[in-house]
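The values are calculated or read from the model by the stated rules, or taken from the named source; none is laboratory data. A quick note: this is a predicted structure, and the numbers were derived from the prediction, not measured. In this analysis, Cβ positions are derived from the backbone assuming ideal geometry, glycine residues included, and neighbour counts consider all displayed protein chains. Note: areas computed on protein heavy atoms with side chains; ligands, DNA, RNA excluded. Shrake-Rupley method; radii C 1.70, N 1.55, O 1.52, S 1.80 Å.
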Amino acid sequence: MRSIVRLRTSALAVAALAATAALAGCGGGDSAAKDDKSVTIWSSIDQPVQDGLNKVLTEKAKAEGITIKWQKVENINQLIMQKIQANDTPDIALIPQPGVVADIVKRGKAFPLDDVLDMDALKGSMTPGTLEAGTVDGKLYGLLASMNVKGLVFYNKEAWDKAGYKAPASLDELNTLTEQIKADGRTPWCMGIESDTATGWPATDWFEELIAKTAGPDEYNKWVKHETPFDSDVVKTAAAEFEKLMFTEGNVLGGRKAIASTNFGTAGNPMFDKGGPKCWMYNQGSFITGFFPDDVKSDLDNKVGLFGLPPATAGGDNPVVGGGDLAVMLDDSASTKTAMKLLSATDVGTEAAKNSSFISPHKDFDVANYPNETTRSVAKVAYDSTAFLFDGSDQMPGEVGAGTFWKDMTAWIAGQQDLATTLKNIDASWPAS
């Protein structure tokens, strides 16, 4: 969960730091000539993920005569920009936001990786779209080291199999399945967007996923940059799909009126009610299994099934939305370059995968390293996708992605304003520059 919150709040830090852009210095790091055979790495990733990556990287680096000093820090997005101003940066930083990577590059403080890493090997190894996430002005500056996956529809495996339901291959089939479950006298969907001061973010995830599926990666990226406005057919098409699934009477536990007040963390738990599922499907990120009841968490493979939110057309373009941590090189010494090469290896996540929520961005990663079939199923959704797209709201200016997008979606879902007003309000909040 912390990684999701970090992704959600990172946009706020980006917005706050944008005002300091004019103070940026030039050049890539002041320690280019330094090579004391030690490499410092900073990250804000979950501790078990860091521990696993660090264990393998340290062993690999030791064989090269290099010492790894990996430190966990809070809110690395903000801290790294402060340290850049002070010329006091680590050698490598794991950044959970492509916009922050681009900001570091604009300040001339990151080194490109194209001549450091085996790009041909990475293009064959990495999940489609992950290299693009860290590319700025045609050069790779951020290498995805770990990822999380969204757009996953979870269900009660035992009840699902007994009912004979099948994972849909298209959005039309998802709607047909929804109607079938309802016709069987059941409630198809669990849904909740309440999250204290961050209420609304689960709705933005839904929109990101539906825009990716219905419009494709190129249109998705244009929308994220506001080259395509919210008040556009691209967004309205996604909204119509969301309305059909979530607002149709009988589709959601508690009805539309309950969505805004139902906490996202517990919204899926009625799937596992002792008397049988009170709702049958819950769309969330890979982290949500940590919020399921204890008896479910202790037996995920037998109790939980999942499928990826399907593409618009069966067999068609099928991007997936998610997040992750991009390794950025802030020093160009030989030791740092070597550490970066080691960090890019497919097997660097072997230990992290066994004991944490880690998902490798390498589609040739040995899935036997994952601790259970549930995690392997999550990874398969990403590896089978046609493109990996970074969370859209986290890339938008903070006042939009973690502001009006959350607030106005909540107001619309709660029935306090219509869709047209909602989309116009979000567009109007976009900063002029």
All-but-one check, G275 against (1) open to solvent by less than 50 Å² (accessible area, probe 1.4 Å); (2) out of contact with any strand residue (DSSP E or B) (no Cβ under 6 Å at 6 or more places or on another chain); (3) part of a loop (DSSP other than H, G, I, E, B), failing number (1)
Residue check: is D331 farther than 30 Å from V235 by Cα and assigned to a loop (DSSP other than H, G, I, E, B)? yes
Just for region 128-170: of the residues that are part of a loop (DSSP other than H, G, I, E, B) and out of contact with any Leu (no Cβ under 8 Å at 6 or more places or on another chain), which one is most open to solvent (accessible area, probe 1.4 Å)? D137
Counting just the residues of region 181-201 that are touching a residue at least 24 places away in the same chain (Cβ under 8 Å) and among the aliphatic types (A, V, I, L, M), which one comes out nearest to F292 (Cα to Cα)? M191
Could you please tell me which pairs satisfy a Cβ distance under 7 Å, a separation of 6+ or placement on different chains, a first residue in region 330-351 that is among the basic types (K, R), and a second residue that is surrounded by fewer than 21 Cβ atoms within 10 Å (Cβ to Cβ) and modelled with pLDDT of 95 or more? K337/V116; K341/V116; K341/L117
For W223, which of the numbered conditions (1) over 18 Å from G323 (Cα atoms); (2) open to solvent by less than 10 Å² (accessible area, probe 1.4 Å); (3) assigned to a helix (DSSP H, G or I) fails to hold? (1)
Lone qualifier among D114, D120 - being of a type in the set (D, E, K, R), over 30 Å from K297 (Cβ atoms), open to solvent by 10 Å² or more (accessible area, probe 1.4 Å) and assigned to a loop (DSSP other than H, G, I, E, B): D114
Give just the number: which of (1) over 27 Å from I413 (Cα atoms); (2) touching a strand residue (DSSP E or B) at 6+ places or on another chain (Cβ under 7 Å); (3) not hydroxyl-bearing (S, T, Y) does D294 not satisfy? (2)
Output for region 55-105, where each listed residue is of a type outside the set (S, T, N, Q), open to solvent by 10 Å² or more (accessible area, probe 1.4 Å) and part of a strand (DSSP E or B): I68, K69, W70, K72
